[in-house]
Amino acid sequence: MPSLIFRKGLDMKDAVAGILSENYHSPLIEEIKANQFTYAAGRLTVHLAQEFGFCYGVDRAVDYAYQTRSRFPDRHVYLTGEIIHNPHVNDKLRALGVRFLSDAGESFDALQPADVVILPAFGVTVQMLADLDARGCTLVDTTCGSVLNVWKNVRKYAEQGYTSIIHGKVWHEETQATASQAVARGGAYLVVFNDAETALVCDYIRHGGDRDAFLKRFASAASPGFDPDRDLRQIGLANQTTMLMTESMAVGEMLKAAMLDRWGADALPQHYQAFDTICSATQDRQDAVVALLKDRTVDLMVVIGGYNSSNTANLARICAESKPTFHIADPDCLLSPTEIRHRPVGTKSEILSQGWLPPDGPVTVGVTSGASTPDNLVALAIARLTEFCG
Ligand code: SF4
């Protein structure tokens, strides 16, 4: 029997409003917003970015997860994996009895038709959805509208014979889901992570090259049976929604220039398409941190969000270009006025650093957080800063 799919909530919004507010909101943050996003205590001043924290897609996904738990108190409720890339939020859901199919000991094969499965904000692959559907589970689809918009365009590329070149992280669930949309429509895809990878693709577009070396280089980032001689003749650009806007634009410009060289201006529209798929929430958060760095004088930046959160990592990258920047996963990373656990920009591991906070005199800290970070964690981080500054 096909699955029952909830896509627009479960009519329990009012029932979960209280617990959501208790778990994730913060009166302190509301006060700071009302005070022009500035907070002062003793020698500490904090400037908060004007857009930060939960985006509309995450807000909705978390809301639906709580609604699901309330609507089906007697049934097993699963998530396919992390609902969003924030350990605090995922742990809260675990505490409510929501199980994660990505956890050790859990298995898709054990799912029964009576089980309820929540799909995350960044979506799942076409194959996974078909598998869940075949099992007859009740599904709660929280895939964000901005991700659905990318899928719509990727499907259109595939139907028109264009290969989707996806600027994203091949290991990220959203990019995997987006790529699967191309394949499901009989299309091809290639994922490029940065300008160095894009340059390789551009070189092949312009001059051709060693086909086997190209395939080896992009082995895990290309659709099955990818043929660069065939599949780079007509391309369409798409992005993971949380990439850095400036980088996605640069990737697009590089590809467009290569196609222009290869096919000429008159034929370009037949060979290259692009559309902007950075979501507005990601863009707003990036713009807000750029504005904070321009308009305020800060000694350092604290960026709060899961280390596997793409949009948080990109906020930290923007900050690190001009200020000492500490990307922390959680307020607990602020260990003391002298010690901090954080993940330096461009690295994959958390480290312990000393002497991160100026020991005396006025100190001004800029704060922002990724789209999967709730306000209460930002408030806790500010409370720790206050404590550390006496
Ligand atoms: S970051 Fe953007 S695409 Fe992702 S869930 Fe939030 S609003 Fe949707």
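The values are calculated or read from the model by the stated rules, or taken from the named source; none is laboratory data. Everything numeric in this text was worked out from a predicted model, so none of it was measured. Ideal geometry is used to build each Cβ from the backbone, glycine not excepted, and the neighbour counts take in all protein chains shown. Just so you know, the surface numbers come from the protein's heavy atoms only, side chains and all, with ligands and any DNA or RNA stripped out. Shrake-Rupley method; radii C 1.70, N 1.55, O 1.52, S 1.80 Å.
Tabulated data for the structure shown
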quantity	calculated
Neighbours by Cβ (under 8 Å, 6+ apart or cross-chain): first from the range 284-305, open to solvent by less than 70 Å² (accessible area, probe 1.4 Å); second part of a loop (DSSP other than H, G, I, E, B) and among the acidic types (Asp, Glu)	Asp284/Glu51; Arg285/Glu51; Ala288/Glu51; Ile304/Asp330
Condition check for Thr142: among the polar types (S, T, N, Q) and surrounded by fewer than 22 Cβ atoms within 10 Å (Cβ to Cβ)	no
Leu315 being within 16 Å of the ligand (Cβ to nearest atom), under 17 Å from Thr373 (Cα atoms) and in contact (Cβ under 8 Å) with a residue 24 or more places away in the chain	yes
Flag if Ala114 is of a type in the set (A, V, I, L, M), part of a loop (DSSP other than H, G, I, E, B), free of Cβ contacts under 8 Å to residues at least 12 places away in the same chain and open to solvent by 10 Å² or more (accessible area, probe 1.4 Å)	no
Filter result (more than 22 Å from Glu173 (Cα to Cα) and crowded, with 19+ Cβ neighbours inside 10 Å) within the range 235-251	Ile235
When residues of the range 262-283 are limited to those that are charged (D, E, K, R) and closer than 20 Å to His167 by Cβ, the one surrounded by the fewest Cβ atoms within 10 Å (Cβ to Cβ)	Asp276
Among the residues listed as Asp74, Asp115, the single one being of a type in the set (D, E, K, R), more than 29 Å from Thr282 (Cα to Cα) and in contact with a Ser or Thr (Cβ under 9 Å, 6 or more places away or on another chain)	Asp115
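Yes/no per residue for (1) in contact (Cβ under 8 Å) with a residue 24 or more places away in the chain; (2) in a helix (DSSP H, G or I); (3) away from the ligand (no atom under 16 Å from the Cβ); (4) in contact with a Gly (Cβ under 9 Å, 6 or more places away or on another chain):
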| position | (1), (2), (3), (4) |
| --- | --- |
| Asn23 | yes, yes, yes, no |
| Leu28 | yes, yes, yes, no |
| Lys33 | no, yes, yes, no |
| Gln36 | no, no, yes, no |
| Tyr39 | yes, no, yes, no |
| Val46 | yes, no, yes, yes |
| Glu51 | yes, no, no, no |
| Asp59 | no, yes, no, no |
| Tyr64 | yes, yes, no, yes |
